[in-house]
Amino acid sequence: MPVVIDMEKCGKIKDCPGEVLCIKVCEQGALIEEDGELVLVPENCDDCDICIQSCPNQAISKKS
Amino acid sequence: MAVVENTVERKGSQKRSLNYKKEKCVGCGICTDICPTEALKLGPLVPIARGLIDMDYVKVDKEKCVLCGLCAAACPFEAMEFKIDDESIKYNEAYPKWEHKANIDEETCIYCKACETACPTDAITVSRKLPERTKLVSGEIDIDKDTCIYCGICEEMCPAEAITMKKENPEEPEITVDEDKCVYCLICKRSCPVKATKAACRSCSYGVYEINPEDAKITGNSFIDEETCINCGWCQEICPVDAVTVTKPFEGEIIFKEEFECKGESCHACVDICPCNAISIVEGKSVVDERFCILCGACAKACPQKGIIIKREKINLENVRSKSWQKQMDKLVETASK
């Protein structure tokens, strides 16, 4: 199951303290920028969870 | 309290300082695991390992650090330097000592440089002096300028690049043989269409006994820099003459959780963080080559799914005199085996 982004915690990309590490670490292209916001492309997510630990806002998680 | 970057320093009856050495840290998290005051925190390992962000793997909380020095003693990479009255505890006999080491036996080493090439931290330098060619092969070579048609076949064929032909002036072409380069293989003689080359190899005619064995020796030096060596074992494994012995910091094994579904190429966090080049992705799954693993645990910390378990059975750290310190050090062995 793909990851879940908490948009409230995530905020605008320009405000990201990690300079969008999530997009940078995801080599599957499952996380992209669209109109200044982070967008998930669920079909690309391979469930590796690497983005989860890279988010300084802890905005990415797995629905359990 | 003086604060400089990732350095903590205080003066009381003793002057104590802790200095984080970024260049030595591999992000294994041993220090964060054993710090009694939780003053050390790991940063985002994978982005740091991939160079996506310029950060230290470990952050020292200056308010929480009590300058006990435990982290410095437990770090197998000497990435934490703890000093008492300006002297590193590395040289203080009251503090623990790592038994890990790597050594090249100069008597056995053939200076092939295989270890130098394999070392993941570029800690090995091998310098070697090869025998002089002129002392190993000798002979006679001469090209008869009157017979030579300057076709250039010998120049092209010569494996030692000893023959040079100059045809700038077509009226007076020149051909020369560099006898320092010539190995008397006689290819020029065999390839010459007009038999202008006269050559003989002395070794072939009289046998190899003319060579002074001392002249044929390869000499050199091999050196492992303790500062950068992480005792991973690559040099030991790759050495063709078993000249290297490596004692690793920990003994034990590394295993993958049964329910763990490794994402392989999608993630490869473990491959990126491993300081030993011990991990590769094989058929879509992470595979650890235990010959090169030092059980530092960086991969287990970096794995986003926490699917790797480091089972340390022994820590090669001696002279832990304090009981409370021993208890903390044992955590590295015990917690890991849970």
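Each reported figure results from applying straightforward, stated rules to the coordinates on display, with no laboratory input. Here the structure is a predicted model, which is why all the values come from computation and not from measurement. Glycine also receives a Cβ, built like all others from the backbone with ideal geometry; neighbour counts cover every protein chain displayed.
So which residue, out of B:Ala216, B:Ala79, B:Ala162, gets the largest mean-square fluctuation from a GNM of chain B using Cα contacts under 10 Å as springs?
B:Ala162
Starting from the Cα of B:Asp86, step 7 Å along the direction of its Cβ; do the same at B:Lys195; then give the gap between the two resulting points in nm.
Taking the two extended label points, one gets 8.4 nm.
Between the helical axis of B:323-337 and the dominant principal axis of chain B, each derived from Cα atoms, what acute angle in degrees is found, rounded to the nearest 10?
70
Loop-only GluC sites (Glu not before Pro) in the stretch B:102-184, please: DSSP not H, G, I, E or B, and at most 12 other Cβ atoms within 10 Å.
Working: sites: B:Glu106, B:Glu107, B:Glu116, B:Glu132, B:Glu140, B:Glu155, B:Glu156, B:Glu161, B:Glu168, B:Glu171, B:Glu174, B:Glu179; in loops: B:Glu106, B:Glu107, B:Glu132, B:Glu161, B:Glu168, B:Glu171, B:Glu179.
Within the stretch B:102-184, the qualifying GluC sites (Glu not before Pro) (loop, at most 12 other Cβ atoms within 10 Å) are B:Glu106, B:Glu107, B:Glu132, B:Glu161, B:Glu168, B:Glu171.
Taking the Cβ of B:Asp85 as the centre, find all other residues whose Cβ is under 10 Å away and add up their charges (Lys, Arg: +1; Asp, Glu: -1). Before the final figure, lay out the partial values.
Working: positive: B:Lys11, B:Lys15, B:Arg16, B:Lys83; negative: B:Asp86, B:Glu87.
Combined, the nearby Lys, Arg, Asp and Glu give +2.
Provide the convex hull volume over Cα atoms per residue for the stretch B:128-283, in Å³.
Taking the convex hull of the Cα positions in the stretch B:128-283, it is 256 Å³ per residue.
Counting Lys and Arg as +1 and Asp and Glu as -1, what is the net charge of the other residues whose Cβ lies under 10 Å from the Cβ of B:Ile310? Walk me through the numbers on the way to the answer.
Numbers: positive: B:Lys301, B:Lys311, B:Arg312; negative: B:Glu253.
Local net charge: +2.
Using a 10 Å cut-off around each Cβ of peptide B:305-318, what is the average number of partner chain Cβ atoms that fall inside? Walk me through the numbers on the way to the answer.
Working: counts 7, 2, 0, 0, 0, 0, 0, 0, 0, 0, 0, 0, 0, 0.
Counting other chains' Cβ atoms within 10 Å and averaging over B:305-318 gives 1.
Connecting C-alpha atoms closer than 10 Å in a GNM of chain B, tell me which of B:Ile30, B:Ile141, B:Ile315 has the biggest fluctuation.
It is B:Ile141.
May I ask for the Rg/Rh ratio of the protein assembly as shown, computed from Cα atoms with Rh as the Kirkwood radius, given to two decimals? The partial results should precede the final answer.
Values: Rg = 30.7 Å, Rh = 26.2 Å.
Result: Rg/Rh = 1.17.
Apply 1/(1 + (r/R0)^6) to the Cβ-Cβ distance of B:Asp61 and B:Leu186, taking R0 = 51 Å, and write down the FRET efficiency to the nearest 0.05. Please list the in-between numbers first.
Values: r = 75 Å, r/R0 = 1.47.
Efficiency, from the Cβ-Cβ distance: 0.10.
Taking loop as defined by DSSP and a crowding limit of 15 other beta carbons within 10 Å, which GluC sites (Glu not before Pro) in the stretch A:6-61 fit? Before the final figure, lay out the partial values.
On the way: sites: A:Glu8, A:Glu19, A:Glu27, A:Glu33, A:Glu34, A:Glu37, A:Glu43; in loops: A:Glu19, A:Glu27.
Answer in residue order: A:Glu19, A:Glu27.
Which of the lysines could a cross-linker bridge to B:Lys285, judged by Cα under 16 Å and excluding same-chain residues fewer than eight apart?
The reachable lysines, counting only those whose Cα sits under 16 Å from B:Lys285, are B:Lys257, B:Lys263, B:Lys306.
Evaluate the charge dipole of the stretch B:154-278 about its Cα centre and quote only its size in Debye, nearest 20, assuming +1 on the Cβ of each Lys and Arg and -1 on the Cβ of each Asp and Glu.
Details: 12 positive and 25 negative charges, 180 e Å.
I would put it at about 860 debye.
Quote to one decimal, in nm, the extra length available between B:Glu107 and B:Glu227 on full extension: 0.36 nm per residue of separation minus the C-alpha distance between them.
Details: separation 120, 0.36 × 120 = 43.20 nm, distance 2.34 nm.
Taking B:Glu107 through B:Glu227 to full extension adds about 40.9 nm, to one decimal.
Going by a ≥ b ≥ c, the root eigenvalues of the Cα gyration tensor, does chain B fall in the rounded group (a/c under 1.5), the prolate group (a/b larger than b/c) or the oblate group? Before the final figure, lay out the partial values.
Details: a/c = 2.95, a/b = 2.54, b/c = 1.16.
Prolate, because a/c is 1.5 or more and a/b exceeds b/c.
With charges set only on the Cβ (+1 for Lys and Arg, -1 for Asp and Glu), what does the dipole of the protein assembly as shown come to about its Cα centre, in debye to the nearest 20? Display every interim value, and only then the final one.
Values: 52 positive and 71 negative charges, 305 e Å.
About 1460 debye.
Once you put a point 7 Å from the Cα of B:Arg10 and another 7 Å from the Cα of B:Lys331, both along the Cβ direction, what distance in nm separates them?
Placing both labels 7 Å beyond Cα along the Cβ direction yields 1.8 nm.
Once fully extended, how much extra length lies between B:Lys167 and B:Val287, figured as 0.36 nm per residue of separation less the alpha-carbon to alpha-carbon distance? Display every interim value, and only then the final one.
Values: separation 120, 0.36 × 120 = 43.20 nm, distance 5.95 nm.
37.2 nm is the gain from fully extending B:Lys167 to B:Val287.
What spacing in nm lies between the two simple spin-label points modelled at A:Ile32 and B:Glu156, each 7 Å away from Cα in the Cβ direction?
The modelled label-to-label distance comes out at 5.6 nm.
For chain A, what does the helix formula give at 222 nm: sum of -39500 (n - 2.57) over DSSP H segments with n ≥ 4, over the residue count, nearest 500 deg cm²/dmol?
Numbers: 3 runs with 14 residues, N = 64.
Using -39500 (n - 2.57) per qualifying helix, the result is -4000 deg cm²/dmol.
Using a 10 Å cut-off around each Cβ, can you sort B:Ser191, A:Ser54 from fewest to most neighbouring Cβ atoms?
B:Ser191, A:Ser54
Could you list B:Met329, A:Met7, B:Met80, A:Met1 in order of exposure, starting from the residue whose Cβ has the fewest other Cβ atoms within 10 Å? Kindly include the intermediate steps, with their values, before the conclusion.
On the way: B:Met329 20, A:Met7 12, B:Met80 25, A:Met1 9.
Taking fewest neighbouring Cβ atoms as first place, the list is A:Met1, A:Met7, B:Met329, B:Met80.
Where Rh is the Kirkwood radius over the Cα pairs of the stretch A:4-61, the temperature 10 °C and the viscosity 1.306 mPa s, what D in µm²/s does Stokes-Einstein return?
Values: Rh = 11.1 Å.
The Stokes-Einstein estimate is 143 µm²/s.
Enumerate the lysines that A:Lys12 could reach by cross-link, defined here as Cα to Cα under 18 Å, with residues fewer than 8 away along the same chain left out.
Reachable lysines: A:Lys24.
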